[in-house]
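Some notes on the structure that comes next.
Nothing in this text is a laboratory measurement; each read-out follows from the coordinates by a stated rule. All figures in this text were calculated on a predicted structure; none of them were measured in a lab.
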């Protein structure tokens, strides 16, 4: 397994671990929008989730090879 493949595997595992933090509600849900206390709680849940995702990406960043491949795929589409 190449270093890039191992990094991709590790990143996927880190993202999967973050899924346990994924909130069950959205800030656009009617019961959330209409209640400032619930809105604050839901926003806090999403902040925790996004910080965990950012930390996973910081720990397992995309390689230049992956970035280049993504750019090429975008250019083709």
Ignoring everything except DSSP H segments at least 4 long, calculate the 222 nm mean residue ellipticity for the chain; use -39,500 (n - 2.57) per segment, divide by total residues, nearest 500. -24000 deg cm²/dmol
Given the convex hull over the Cα atoms of the range 6-45, what projected area results after averaging over all orientations, in nm²? 3.1 nm²
Using only Cα atoms, tell me the angle between helix 36-59 and the longest principal axis of the chain; keep it within 0 to 90° and round to the nearest 10. 10 degrees
Which percent of Cα-Cα pairs in the chain sits in each 10 Å bin, short to long? 18, 31, 27, 18, 6, 0
Between 0 and 90°, nearest 10: helix 3-18 axis offset from the chain longest Cα axis: 10 degrees
Extension gain from residue 58 to residue 15, taking 0.36 nm per residue of separation minus the Cα-Cα distance: 14.3 nm
